[in-house]
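Student: Quick one: the structure is below, questions incoming.
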Amino acid sequence: MATLYDTLGVPMHATEEEIKRAYRKAAMKWHPDRNAGAEEVARATFQEIRDAYAILSDAGQRKVYDAVYAEQMRQWEAQRARHDEAQAQREAAERAADEAAYAEMVSHAMRFADEGHNRDVLFGVLLGRQCEPGRAAQIADSVAALQASRREAAANRASPEAAEATSQGSAGASTGEPEPATTNAGAEPTAGHDTYDAHAAHAQSGKRDEAPREAHAAGGFSSLWFQFLNGLRF
């Protein structure tokens, strides 16, 4: 709101001398004789300058003007504050309504996505509910991407479980025990069809003496072998 001080181009706390100098400068600038071709505008502006100076150059009138102006400024500021508050309330209500509408559209899209519908179906459903095309496309894209992410996460969780079950099944199927190798007893050597010499008889006797020791050693080794296998299985 322009004031008399603004008309003269001085601040409200200007001195009488400052007001006088400002008036002279403004009067010379806007005198009709100095504004050929724009006399009407200059004349109107020059009159405003004279009226402002007439009030501000008189101490009594200036005091009354300052009081009236201060009261007008308080009223103007109060009115402006009420206007700003009302505007803020309207904007808050509009934002709340917009957010509620957006949440409702997202809820509809999520419901159809949970039923297995693709992005294009979601977009069509939102358009059918009077959703603005740009917002409908944004919601459809976001919901479709969310559903795809959820399906991928579920698949990733299921894969390790399936692999573990397969591994346990393979281990359970392998229950056979390797059988220890069997050795065929060697046939008794023969020196001929007729007779055995003394050396062959002595060697045969020695083999008969070593057989119990070999059988005992083989039995111990076989026992250890089965203990080892049982340890692997259990």
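Results for (1) touching a helix residue (DSSP H, G or I) at 6+ places or on another chain (Cβ under 6 Å); (2) not aromatic (Phe, Trp, Tyr), shown as yes or no for each residue.
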position	(1), (2)
LEU56	yes, yes
ARG62	yes, yes
TYR69	no, no
ALA100	no, yes
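Student: Listed residues GLU77, GLU71, GLU85, GLU104; which is surrounded by 10 or more Cβ atoms within 10 Å (Cβ to Cβ) and either touching a Lys or Arg at 6+ places or on another chain (Cβ under 9 Å) or among the hydrophobic types (A, V, I, L, M, F, W, C) (or both)?
Tutor: Values: GLU77 fails: either touching a Lys or Arg at 6+ places or on another chain (Cβ under 9 Å) or among the hydrophobic types (A, V, I, L, M, F, W, C) (or both); GLU71 fails: either touching a Lys or Arg at 6+ places or on another chain (Cβ under 9 Å) or among the hydrophobic types (A, V, I, L, M, F, W, C) (or both); GLU85 fails: either touching a Lys or Arg at 6+ places or on another chain (Cβ under 9 Å) or among the hydrophobic types (A, V, I, L, M, F, W, C) (or both).
Step by step, each of GLU77, GLU71, GLU85, GLU104 is checked, and only GLU104 is surrounded by 10 or more Cβ atoms within 10 Å (Cβ to Cβ) and either touching a Lys or Arg at 6+ places or on another chain (Cβ under 9 Å) or among the hydrophobic types (A, V, I, L, M, F, W, C) (or both).
Student: Hey, another quick one. Answer yes or no as to whether ARG90 is surrounded by 14 or more Cβ atoms within 10 Å (Cβ to Cβ), without any contact (Cβ under 8 Å) to a residue 12 or more places away in the chain and either assigned to a helix (DSSP H, G or I) or outside the structural domain of CYS131 (by TED's automatic domain parsing) (or both). Break it down stepwise before answering.
Tutor: Values: surrounded by 14 or more Cβ atoms within 10 Å (Cβ to Cβ): no; without any contact (Cβ under 8 Å) to a residue 12 or more places away in the chain: yes; either assigned to a helix (DSSP H, G or I) or outside the structural domain of CYS131 (by TED's automatic domain parsing) (or both): yes.
Against the criterion (surrounded by 14 or more Cβ atoms within 10 Å (Cβ to Cβ), without any contact (Cβ under 8 Å) to a residue 12 or more places away in the chain and either assigned to a helix (DSSP H, G or I) or outside the structural domain of CYS131 (by TED's automatic domain parsing) (or both)), ARG90 does not qualify.
Student: While we're here: Looking at ALA54, ALA42, ALA2, ALA26, can you tell me which residue is out of contact with any Ser or Thr (no Cβ under 6 Å at 6 or more places or on another chain) and not in a helix (DSSP H, G or I)?
Tutor: Details: ALA54 fails: not in a helix (DSSP H, G or I); ALA42 fails: not in a helix (DSSP H, G or I); ALA26 fails: not in a helix (DSSP H, G or I).
Going through ALA54, ALA42, ALA2, ALA26 in turn, the sole match is ALA2.
The values are calculated or read from the model by the stated rules, or taken from the named source; none is laboratory data. It should be emphasised that the depicted structure is a prediction, and the values quoted were computed from it without experimental measurement. In this analysis, Cβ positions are derived from the backbone assuming ideal geometry, glycine residues included, and neighbour counts consider all displayed protein chains.
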